[in-house]
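The values are calculated or read from the model by the stated rules, or taken from the named source; none is laboratory data. Note that the structure is a prediction, hence the values are computed from the model and not measured. So basically every Cβ, Gly included, is an ideal-geometry build from the backbone, and we count neighbours across all protein chains shown.
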Amino acid sequence: MSMNSADLINNAEKEWVWNETPLLKVRGLSKQFGAGCIHCKQPTSDEQEGSRCQYCGSIWACRNLSFDLYPGEILGVVGESGSGKSTLVKCLYFDEETTVGEMSISSYEDKTSNLFEKSAQQKRYIRNHVMGMVYQNPLLGLRMPISSSGNIAEKLFAADHYHVGSIRQRAADLLQKVEIPLARMDEPPKNFSGGMQQRVQISKALANNPPLLLLDEVTTGLDLSVQAKVLDLIRNIQRELRVAMIVVSHDLGVIRMLADRTMVLRQGLIVEQGLTDQILEDPRHPYTQLLVHSLL
């Protein structure tokens, strides 16, 4: 959905976003699970056809997704279970290999090269220097038996930082920022609550000051009071560090609190996108209307 001049005037505090070069550009991202066949060689953008091939059973989890993310912006991604939200961020972080598509990051190399076509070594470099990832399940983002400071050190080692004193100080600074008591920085995350584990994950993801942070359902399963603390932390980080974020959530309350713009996914397609206030207050697509009304 395009933004008209009224949208920009009513959102003057966000106007800087569209005056800059996008940090992240994604074009035609598609991901298929299954061998595929002649009938589903190309992903369709037709909502009526669905994402599953009736002949071979393969699924297009993401279909022709194209969007931009600007420096310091938070982009929310919403949709029901199976809509392709988590697959999208896993593709962006190279946890899943895309079937087709292009991605570029303005702070990396020539700003236009397709990062999906890079070698495994180059993708590791991008993960360690340009991106941070916070998973819904902390088991995927943390090594539970080693200390919280050790988890941060691991990220720093991967990005070629080897001075022990500097690494130790960086870990202490980050854990303090996410309100982990320094007296517990050498404890393993397995001893922590779910909310504390998520905060350790966030500190690890921020270790190398990445311009881009990906967050996949980070408040799911947490108590409401703990959710509020995590969301406040994310907002403070974005405000202080101007980190661009993609926040995936099925909870529209989380999206309302965090996101500047929102994309709505259904069966692997973007069915609506625009300013978050616009999407939640005046949804145009019937599926978005259903999501919003279910919240009410």
*asked:* When you scan region 196-203, do you find a residue that is in contact with a Lys or Arg (Cβ under 9 Å, 6 or more places away or on another chain), part of a loop (DSSP other than H, G, I, E, B) and crowded, with 21+ Cβ neighbours inside 10 Å, even just one?
replied: no
*Just for region 255-283: of the residues that are in contact with a helix residue (DSSP H, G or I) (Cβ under 9 Å, 6 or more places away or on another chain) and assigned to a loop (DSSP other than H, G, I, E, B), which one is surrounded by the most Cβ atoms within 10 Å (Cβ to Cβ)?*
Gly268
*Could you tell me which of the residues Glu97, Glu102, Glu109 is at negative phi and part of a loop (DSSP other than H, G, I, E, B)?*
Glu97
*Run down Leu291, Leu206, Leu252 and say which single residue is among the hydrophobic types (A, V, I, L, M, F, W, C), in contact (Cβ under 8 Å) with a residue 60 or more places away in the chain and closer than 30 Å to Asn151 by Cα.*
Leu206
*All but one of (1) surrounded by 16 or more Cβ atoms within 10 Å (Cβ to Cβ); (2) assigned by TED's automatic domain parsing to the domain that holds Ser58 hold for Glu109, so report the exception by its number.*
(1)
*asked:* Under 6 Å between Cβ atoms, which residue pairs at least 6 apart in sequence (or on different chains) link something in region 25-43 that is in contact (Cβ under 8 Å) with a residue 60 or more places away in the chain with a partner that is in a helix (DSSP H, G or I) and surrounded by 14 or more Cβ atoms within 10 Å (Cβ to Cβ)?
replied: Lys31/Thr87; Lys31/Cys91
_Is it the case, given these coordinates, that Ser86 is among the polar types (S, T, N, Q) and assigned by TED's automatic domain parsing to the domain that holds Gln267?_
yes
*Among the numbered conditions (1) of a type outside the set (Gly, Ala, Ser); (2) within 15 Å of the chain's Cα centre (by Cα); (3) at positive phi, tell me where Thr220 comes up short.*
(3)
*Is it true that Tyr55 is under 30 Å from Thr219 (Cβ atoms), out of contact with any Pro (no Cβ under 7 Å at 6 or more places or on another chain) and without any contact (Cβ under 8 Å) to a residue 24 or more places away in the chain?*
no
*Could you figure out which of (1) in a strand (DSSP E or B); (2) farther than 24 Å from Gly132 by Cβ isn't true of Ser66?*
(2)
